[in-house]
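Chemist: Sharing a structure with you now.
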Amino acid sequence: MNITDFIGTLGYMGLTGAFILCAALIVLCVFLHFRRPQGLEALAAWLAYAQTMLLGLAVLALGVLLQMGAYQYQVVFNAVENAMTPLERLGGLWSAQASSLLFFSFLLSAAVSLSIRLARGSGAALVKTILLVLQTTLLFFILPDVFFANPFLKSWMLPAGEISYAVFPPESAALLLPKDGQGMNPSLRHIAMLLHPPTLYLGLIGFFIPYAFLLAALVKGGDPATWLRRLYPVVLVSWVMLTAGMFLGSWWAYTILGWGGYWGWDAVEISGLVPWLLSFGLIHSMRMQLRGHAFQRWTNAFTLAIVILTLFGILVTRSGILESVHAYSSGAMGPVLTVLILLHLCASLFLLAFRRGNFAKSATPKPANREERILKGFNGCLAALVLVSLFGQTLPLTSQLFGGASASFSIADYERWTALPFLLLIVLTALCPLADLLDSQPQRAGRVIAWLALLAAPVPVFLLLRFPLGLPAAAGFWAASFFLASWLLNFARECLLPVFSKKPFPLPRLGVNLIHIGLAVLALGILGTETLSGSYEGQLAAGSPIRVNDFEVNAGKFGSSLDASGNVVFEVPVSITHGNTVREVRPAVIHFTKLGTLYARPGLAAGWLQDAQVILEQTPRSAEETYPVRIAFYPLINWIWAGGALMILGGLMGFFRRKPR
């Protein structure tokens, strides 16, 4: 047995051992709900820790095989090739169905171990139910990896000349030892795509922890709010990671893929958007509930909805039931995840109905104030955005099921139906820092709101004069500018004034303000990109400049070359002149030799106020031919990335607070 065989066997044993422990833990937790022998609770905890270590061993083994280029393994052959760097090879841990399931299972098992630590002092009754919920979920992700899509399958040549994939050698089969691998799609080797899946996984899995605590509290029959303070940091970390994952994915799609934007309302994109939107509501509801306001029902609803809709999103991604450019190929995951979703949905609805009396027994909430009303309206807008997104996402499925013919929601339909709740959401968020003033001094608050509204008015007026902008879009720009002005005023009041008054710098409040300022900047970026962008489709010829909007675009001579992986790169240097600024971009069409596919890599001239993106529509046959191109302009798109960065930075600063305010 050589070193690669030993490492692969070690990984396989780790995965199989974790599956056995997972099944044993489920049986043990069920037994503990009826009997409580001394010491079995501690045994369950140690088995969960051992399970995490075994899955960690399997992930480590697969990572080593990827780095070594052990191409006899099917996952390694499909994910890496000799020309890839060690960092790019790391992406093989989540680039395929089998490897990503293993990585996801490891993170979920780590969440189980963390939950045991967080539940200390809560009583054995709570711990056994938390374990049962999370272990049952984990089983449904490990099971397909063990029996249907094992990441440690090797390639074997059968006597009849057929290729078979198995962990252990079939009878009379010879092991295939390729000198090089096929490698993942080169467009996936971008740093953003290498970071996007793990950050997204960490964010989504983090929300399974409060979900398990909530179900355990409902089973036990105690106050469902007992877990809030302990798990608030977990929710905040999960939100930060999920936010980072969302923005990394959008940045990758915009800078690497010639799709003409950062967001396409794709079914898989919506699967990430829905939990992200709900996470805003969960954080705000938890903060309000911890301050004594009546938000328990909102907290419960968001906690349950995030996990169930996350599982539905995974079903969309991994089963192929909805068409998506991001989805994995269909396989055994569809039926497995469908059963898991039904289990969670039935258990959640039953416990909510069975324990509905517990909500009334909770501590008497504070009288409703203006902030509470604003945030309940905020939650309602989030719910409306989620419902529209889910309706559009599932319309091809539901229309086929109930109408016999498949229908779909267009990008224009999404934008039309989300516009009003998005506008209301912006206005309500802008009013949040003024809520206390509205309660205590309504007349003064009215004057402040009027001044802020006037301060925001020049933005839509200027845009109406400068661009062919409709009134709904102008209203959106006014609302976003009002939102930004309101939170900048709050930033000055809460963060700058204490500094000038020689008081301690309020770092936690800085985090809250940065999150909301970032959200306002993000809103302006989305509005600018969606309402002010334009495009041109035509022909470019070397030495013959054309004018598009206020830009002069001039192409150089077409050339071709080979990259490090042996792919043919057809590239054209294009200079873009705007005023006195000249920027050169190099759009290209790349022929992936091993995959036999073409990929259009856009050339991007970035600027804080506007980006210009040049995409080659096809490759010319000679240097004298014209180049069919698409030139797109995206005003304020970099404000989207700036807003995301501010939100993530603000979320990280939230860890400096001892308790939510």
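Chemist: Can you tell me the FRET efficiency between R447 and A475 if r is taken as the Cβ-Cβ distance and R0 is 30 Å, rounded to the nearest 0.05? Please report the intermediate quantities before stating the final value.
Modeler: Details: r = 22 Å, r/R0 = 0.74.
Result of the calculation: an efficiency of 0.85.
Chemist: Leaving out ligands and nucleic acids, note down the accessible area per residue over the chain with a 1.4 angstrom probe, in whole Å².
Modeler: 44 Å²
Chemist: Just to verify a number: FRET efficiency for S164 and L609, C-beta to C-beta distance, R0 = 56 Å, to 0.05?
Modeler: On the way: r = 58 Å, r/R0 = 1.03.
Computed FRET efficiency for S164 and L609 comes out at 0.45.
Chemist: According to the Kirkwood expression over distinct Cα-Cα pairs, how big is the hydrodynamic radius of the stretch 533-588, in Å? Present the calculation step by step, with values, prior to reporting the outcome.
Modeler: Values: mean 1/r = 0.0797 Å⁻¹.
About 12.5 Å, per the Kirkwood formula over Cα pairs.
Chemist: Determine, for each peptide in 550-560, 445-455, 230-240, the mean count of other beta carbons within 10 angstrom over its residues, then list the peptides with the highest first.
Modeler: Details: 550-560: 16.5, 445-455: 14.8, 230-240: 20.7.
The peptides rank, most packed first, as 230-240, 550-560, 445-455.
Chemist: Further question: Compare the peptides 598-606, 74-82 by average per-residue count of other Cβ atoms within 10 angstrom and give them in order, highest first. Walk me through the numbers on the way to the answer.
Modeler: Details: 598-606: 19.0, 74-82: 23.4.
Ranked from most to least packed, the peptides come out as 74-82, 598-606.
Chemist: Sum -39500 (n - 2.57) across every DSSP H segment of at least 4 residues in the chain, then divide by the residue count to get the 222 nm mean residue ellipticity, nearest 500.
Modeler: On the way: 22 runs with 403 residues, N = 661.
So the helix-based figure for the chain works out to -20500 deg cm²/dmol.
Chemist: What are the DSSP H helices in the chain that stretch 20 Å or more along their long axis, judged by alpha-carbon atoms, and whose average Kyte-Doolittle hydropathy comes to at least 1.6? It would help to have the intermediate numbers written out before the result.
Modeler: Details: long enough: 3-32 (42 Å, 2.05); 40-68 (42 Å, 1.68); 97-118 (31 Å, 1.48); 124-147 (33 Å, 1.90); 191-206 (23 Å, 1.41); 228-256 (41 Å, 1.06); 267-290 (35 Å, 1.02); 296-319 (34 Å, 1.06); 333-354 (31 Å, 2.28); 370-403 (45 Å, 0.62); 411-431 (29 Å, 1.31); 442-456 (21 Å, 0.79); 471-491 (30 Å, 1.35); 507-532 (36 Å, 1.41); 637-653 (25 Å, 1.49).
Helices meeting the criterion: 3-32, 40-68, 124-147, 333-354.
Chemist: How far, in nm, would the chain grow between R291 and E537 when pulled straight, counting 0.36 nm per residue and subtracting the alpha carbon separation? Working shown, then result.
Modeler: Working: separation 246, 0.36 × 246 = 88.56 nm, distance 5.56 nm.
Gain on stretching R291 to E537: 83.0 nm.
Chemist: Order 150-162, 377-389 from most to least packed using the mean count of other Cβ atoms within 10 Å. Working shown, then result.
Modeler: On the way: 150-162: 17.1, 377-389: 19.5.
Ranked from most to least packed, the peptides come out as 377-389, 150-162.
Chemist: Return an integer: the convex hull volume of the alpha-carbon atoms of the stretch 480-604, in Å³ per residue. Walk me through the numbers on the way to the answer.
Modeler: Working: hull volume 26.4 nm³, N = 125.
Convex hull of Cα atoms, per residue: 211 Å³.
Chemist: Express the carbon and sulfur contribution to the solvent-accessible surface of the chain as a percent, rounded to the nearest whole number, probe 1.4 angstrom. Spell out each step's value before the answer.
Modeler: Details: 19080 of 28960 Å².
Exposed carbon and sulfur together represent 66 percent of the surface.
Chemist: Moving on. Over the Cα atoms of the chain, what Rg and Dmax result, in angstrom?
Modeler: Calculated on Cα positions, Rg and Dmax stand at 27.2, 88 Å.
Chemist: Report P(r) for the stretch 384-441: all Cα-Cα distances, bin width 5 Å, range 0 to the bin holding the largest distance, values in whole percent.
Modeler: With a bin width of 5 Å, the distribution comes to 4, 17, 17, 15, 13, 9, 8, 6, 5, 4, 2, 0.
Chemist: Using a Förster radius of 22 Å, what is the FRET efficiency between L10 and T338 based on their Cβ-Cβ separation? Nearest 0.05, please.
Modeler: Rounded to the nearest 0.05, the efficiency is 0.10.
Chemist: Once you keep just the Cα pairs under 8 angstrom separated by 6 or more residues, what percentage relative contact order results for the stretch 1-142?
Modeler: Numbers: 155 pairs, mean separation 44.6, N = 142.
Here the relative contact order equals 31 percent.
The values are calculated or read from the model by the stated rules, or taken from the named source; none is laboratory data. What you see is a predicted model; the values in this text were computed from it and never measured. Note that each Cβ is placed from the backbone with ideal geometry, even for glycine, and that neighbours are counted across all protein chains shown. The area values use the complete protein model at the heavy-atom level, side chains included, leaving out ligands, DNA and RNA. Shrake-Rupley method; radii C 1.70, N 1.55, O 1.52, S 1.80 Å.
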